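Okay, structure first, notes after.
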Amino acid sequence: MGRHLNPDLRGGGRPLAKVVPAGSEKRRGGSPTDVIYFNPSIARAARAYSGLSHLQLGELARIASRTVFKLEKDGKITADSLEKIIDAYRRRGVEIVYDDEGRPTGLKFNLHQR
């Protein structure tokens, strides 16, 4: 069974996914502005289960709905925005499940929070 990733996606634990520095300068340890890859199908499934539209998830996570759309399309997102989205999912009873390497592998549902 997978484990949950350290909530601090910017560093300190195992990486969530490959980090691509925003801009030409290389960063050590990650930054909230680094672009990372998150599996789009897991993002789509989490939003679908939560019953939220792109706009509603954006409002709940306090990010632009376009960011949600891009995540679900190509999987690219900043660590800061992904943290906000994962927190919004969690508040709707949806948790991301991770493998031992910190990669997202599926979803876990808390029916009482929904």
task: Give the residue that is surrounded by the most Cβ atoms within 10 Å (Cβ to Cβ), with candidates limited to residues of the stretch 45-68 that are charged (D, E, K, R), out of contact with any Lys or Arg (no Cβ under 7 Å at 6 or more places or on another chain) and modelled with pLDDT of 95 or more.
output: Glu59
message: Pairs needed: first member in the stretch 31-43, over 17 Å from Ala88 (Cα atoms) and charged (D, E, K, R); second member anywhere, part of a helix (DSSP H, G or I) and at pLDDT below 95; C-beta distance under 7 Å; at least 6 residues apart or different chains.
response: Asp34/Ala79
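Quick one: in the stretch 69-106, of everything that is of a type in the set (Gly, Ala, Ser) and modelled with pLDDT of 90 or more, which residue is nearest to Tyr37 (Cα to Cα)? Walk me through how you get there before you give the answer.
Within the stretch 69-106, the first condition is being of a type in the set (Gly, Ala, Ser), and the residues that meet it are 75, 79, 81, 88, 93, 102, 106.
From what is left, the residues that are modelled with pLDDT of 90 or more are 75, 79, 81, 88, 93.
Numbers: Gly75: 5, Ala79: 9, Ser81: 12, Ala88: 18, Gly93: 23 Å.
Filtering the stretch 69-106 for residues that are of a type in the set (Gly, Ala, Ser) and modelled with pLDDT of 90 or more, the one nearest to Tyr37 (Cα to Cα) comes out as Gly75.
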query: What are the residue pairs meeting all of these: first residue in the stretch 90-102, first residue at positive phi, second residue crowded, with 16+ Cβ neighbours inside 10 Å and outside any loop (DSSP other than H, G, I, E, B), Cβ atoms under 9 Å, and 6 or more apart or on different chains?
result: Gly93/Ser50
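The values are calculated or read from the model by the stated rules, or taken from the named source; none is laboratory data. On a predicted model such as this, the values are computed, not experimentally measured, just so you know. Counting neighbours? That spans all protein chains shown, and the Cβs are built from the backbone with ideal geometry, glycine included.
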